[in-house]
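The values are calculated or read from the model by the stated rules, or taken from the named source; none is laboratory data. What you see is a predicted model; the values in this text were computed from it and never measured. All Cβ positions, glycine included, derive from the backbone under ideal geometry; neighbour counts span all protein chains shown. Just so you know, the surface numbers come from the protein's heavy atoms only, side chains and all, with ligands and any DNA or RNA stripped out. Shrake-Rupley method; radii C 1.70, N 1.55, O 1.52, S 1.80 Å.
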Amino acid sequence: MSNSSISSSDFESITSNEESSSESSEYLGKKYLPELKDLTDEQKEMCREMLEREDVRSVMREMDNNIYMISRWLIARNWDMEKAVEMFINTMNWREENNINTLLEDLQEHPKFEILRDYWPSSQAHRDILTHDGSPVFYERVGMTDPKSVLNDIPLEELISFHLYDQELREKQIYDLCIERGYYTGAIFVQDLTGLGWKHMYKPALNLLQKSTYMDADNYPELIRKLYIVNCPHVFQIIWKIISPWFDKKSLEKMSIITSGYEDELLSFIDADKLPDFLGGNSTDIVTGGGVYDDRGKKIKMYA
């Protein structure tokens with residue numbers, strides 16, 4: 001799959017066909033949360049071998065000097081050592097070339113940093129939401145955003161930086177949990193699509209999602225333990241035809257598209273007070289924000 005943007009012909013071809021598939025989209029991969037499993041002795045030895053390589057040691061960060069953190073690249077490349085090392089070095093070079101190592105400090109100087117952080121409807125500000133077995137949980141309501149008004153104010157490349165900022169925070173939190181607990185947790189993502197509509201078919205927004213998806217796959221391997229996509233309106237079937245080819249098989253197997261009955265599943269591994277009320281929990285303040293974002297960064301209309 002090429003990393004190029006969506007072409008007009010591709011976009012028009014897909015959006016002109018609104019017939020929904022006759023197949024059920026109840027869920028894509030396994031519906032239930034996969035059990036956390038420790039590495040085998042053989043896998044741990046491979047991780048130690050990778051950590052001892054000079055070409056790896058010469059570029060790695062402090063957080064990478066851990067068998068569980070480095071295992072992500074080996075898992076992503078099906079335990080092929082040379083392919084994992086190549087991927088790891090490419091990531092470290094990408095980080096250096098794009099100033100990712102200082103992004104958590106640098107981006108806070110952006111004039112729209114606080115405005116966009118307040119606007120975006122996610123739980124990123126809450127660092128204490130964990131599953132019963134220790135994975136961090138992140139909620140997002142992309143259907144409550146107005147992509148055109150955001151992209152009219154903040155250029156696409158800068159919005160990608162905001163996305164990478166969140167990925168850096170998530171990776172750091174997982175590393176801290178890894179050190180604390182002695183095993184790799186990955187993260188749980190719950191994407192609530194309430195409010196998703198034709199405004200989200202905006203091509204620049206889809207290009208933003210595409211670029212972010214490829215960057216994540218190349219540079220943040222195994223960050224996701226499970227992704228739940230819930231409350232999907234009809235338009236999602238059309239959007240899914242566009243975006244599903246961007247994900248590899250392993251990523252697709254981690255996704256569950258659940259049209260109903262997801263509340264009991266989420267409550268089986270998250271306490272009710274850590275689950276938003278719109279997902280069947282008790283919390284009313286974990287996810288806030290959304291609406292129309294004008295060129296002054298002011299929310300001028302909130303969606304219900």
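Key figures for this structure:
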read-out: Extended-chain gain in nm, criterion 0.36 nm per residue less alpha-carbon gap, Lys37 and Arg57; value: 4.5 nm
read-out: Overall form of the stretch 27-165 per C-alpha gyration tensor (a/c, 1.5; a/b vs b/c); value: oblate
read-out: Accessible area in square angstrom per residue, the chain, 1.4 angstrom probe; value: 50
read-out: Beta bridges per DSSP with both ends in the chain, % antiparallel, nearest 5; value: 20
read-out: Percent RCO, i.e. relative contact order, over the chain, from Cα pairs under 8 Å lying at least 6 residues apart; value: 26
read-out: Accessible surface of the chain [probe 1.4 Å, protein heavy atoms]: carbon and sulfur percent; value: 48
read-out: Peptides ranked, highest mean first, by Cβ atoms within 10 Å: ranges 123-135, 104-116; value: 123-135, 104-116
read-out: Percent RCO, i.e. relative contact order, over the stretch 55-158, from Cα pairs under 8 Å lying at least 6 residues apart; value: 15
read-out: Assigned charges on the beta-carbon of Lys, Arg, Asp, Glu; the chain dipole about Cα centre (debye); value: 560
read-out: By average C-beta atoms within 10 angstrom, highest first, the peptides 178-186, 33-41; value: 178-186, 33-41
read-out: Computed lengthening from Glu97 to Arg181, 0.36 nm per intervening residue step minus Cα-Cα distance; value: 27.0 nm
read-out: At least 18 Å along the helix axis (C-alpha) and Kyte average at least -1.0, DSSP helices within the chain; value: 81-97, 156-181, 203-219
read-out: Inter-label distance, nm, simple model (7 Å from Cα along the C-beta direction), His126/Ala272; value: 1.5
read-out: Segment Asn152-Ile243, length gained on full extension (0.36 nm per residue, minus Cα span); value: 30.5 nm
read-out: Value at 222 nm in deg cm²/dmol, rounded to 500, when DSSP H runs of n ≥ 4 in the chain each add -39,500 (n - 2.57); value: -12500 deg cm²/dmol
read-out: Rounded, prolate or oblate (a/c below 1.5 giving rounded, otherwise prolate when a/b exceeds b/c) for the stretch 191-304 by Cα gyration tensor; value: oblate
read-out: The stretch 198-213 versus the stretch 27-99: alpha-carbon centroid distance in Å; value: 29
read-out: The stretch 48-101 shape via C-alpha gyration tensor axes, a/c threshold 1.5; value: prolate
